[in-house]
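Asks: One structure, as structure tokens, below. Some questions next.
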Amino acid sequence: MNGYRDLRVALLGCGSVGAQVARLLLEQGDELAARVGARLHLTGIAVRDLDAPRDVDLPRELFTTDAEQLVLGADIVVELMGGIETARELILRALESGADVVTANKALIAEHGPELADAAEQVGAQLSYEAAVAGAIPIIRPLRESLAGDHITRVLGIVNGSTNYILDRMDRFGDSAEDAMRVASELGYLEADPTLDVEGYDAAQKATILASIAFHTVVPVDAVYREGISGVTSAQIEAARHAGYVIKLLAIAERLTAADGTTGVSARVYPALISRDHPLAAVHGGKNAVFVEAEAAGELMFYGAGAGGVETASAVLGDLVSAARRHVIGG
Ligand code: HSE
């Protein structure tokens, strides 16, 4: 044993990301303790069904169905259960009790991000959600912190892996949309309701989050123009290729300045033509990328895995370590 104090971590949800977060926390306990200066003690994992099969073998005694009880007394709550209303209530309860919260819940943040951020601010707690956009790719913290002194002018994101996979298969291998979609489903890229991917809802939620952070404002999800890929045909993809373009589902957020000098933010998701010379054209398969244009920094691109249990768990753990360090510094 060592002299580290314990920080009590409550995990809500044990799906593909939650199971990997729990595994990494248990396996890397000593290393993380040394890195943080405190032991991240997993006090429990709240699940709906204690007997459901898991991706990872985890100690049975960690599981509970009593999420409310688990949240009470936690220093850090990690919400990976998904859904909106119950997750929102548990997160509000956690924040009100002064706990920091880490979540990967894009739908929740897109819908209730400002309310949750206010609740966190009121008690001086930290709400972080790096994993909510583009899985493993660090993009929230770079936009919020690394680029905080710059003026971002535009963000272009391939933020939905399944539609990128489908369009990429159609473009490079001539697959039909149906075949490509079937494989995307087998690979586990699609949401439980694939309409969320195919019709651009998932990308619109991520566009809301990116736009709000990049432009220091609130961009509601229903202000995002949204068009999915269901209308994209093989013939259009072929024609684009011949003209030197590729069709990608893009989430675009940009600052617009009117003639009278007033500014606003436009956010939209649609299948866009990208020149084959653009770095985003080389984002293949289920990968994600976010291309950022900023006045001083110029062009930046963040690229990597936008989904996947262990990949997304990396972003969750990063937020968790960051929250834990705050506790250590705060005493
Ligand atoms: N269905 C999502 C995607 C999963 O295809 O990108 C990650 O958010």
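Asks: Give all pairs with beta carbons closer than 8 Å in which a residue from segment 216-230 that is among the aliphatic types (A, V, I, L, M) meets a residue that is loosely packed, with under 13 Cβ neighbours inside 10 Å and assigned to a loop (DSSP other than H, G, I, E, B); count only pairs at least 6 apart in sequence or on separate chains.
Replies: That search, which allows pairs on different chains as well, returns nothing.
Asks: If you take the residues in segment 26-42 that are touching a helix residue (DSSP H, G or I) at 6+ places or on another chain (Cβ under 7 Å) and not charged (D, E, K, R), which one is surrounded by the most Cβ atoms within 10 Å (Cβ to Cβ)?
Replies: For segment 26-42, the residue satisfying everything is Leu40.
Asks: Restricting to segment 113-166, count the residues that are closer than 18 Å to Val283 by Cβ and within 12 Å of the ligand (Cβ to nearest atom).
Replies: Kept after step one, since they are closer than 18 Å to Val283 by Cβ, are these residues of segment 113-166: 133-139, 142, 154-166.
Next cut, within 12 Å of the ligand (Cβ to nearest atom) only: 133-137, 157-166.
Residues flagged as closer than 18 Å to Val283 by Cβ and within 12 Å of the ligand (Cβ to nearest atom) within segment 113-166 amount to 15.
Asks: Counting just the residues of segment 269-327 that are in a strand (DSSP E or B) and charged (D, E, K, R), which one comes out surrounded by the fewest Cβ atoms within 10 Å (Cβ to Cβ)?
Replies: Only one residue tops the list, namely Glu299.
Asks: Okay, moving on. For Glu186, only one of the following conditions fails: (1) away from the ligand (no atom under 12 Å from the Cβ); (2) crowded, with 21+ Cβ neighbours inside 10 Å. What is its number?
Replies: Exception for Glu186: condition (2).
Asks: Within segment 252-282, take every residue that is within 18 Å of Val232 (Cα to Cα) and hydrophobic (A, V, I, L, M, F, W, C) and give me the one that is farthest from the ligand (Cβ to nearest atom).
Replies: Leu273
Read-outs: derived from the displayed coordinates by stated rules, not from any lab. Every value quoted in this text rests on a predicted model; they were computed, and no experiment measured them. For neighbour counting, all protein chains shown are included, and Cβ atoms are generated from backbone atoms with ideal geometry for every residue, glycine included.
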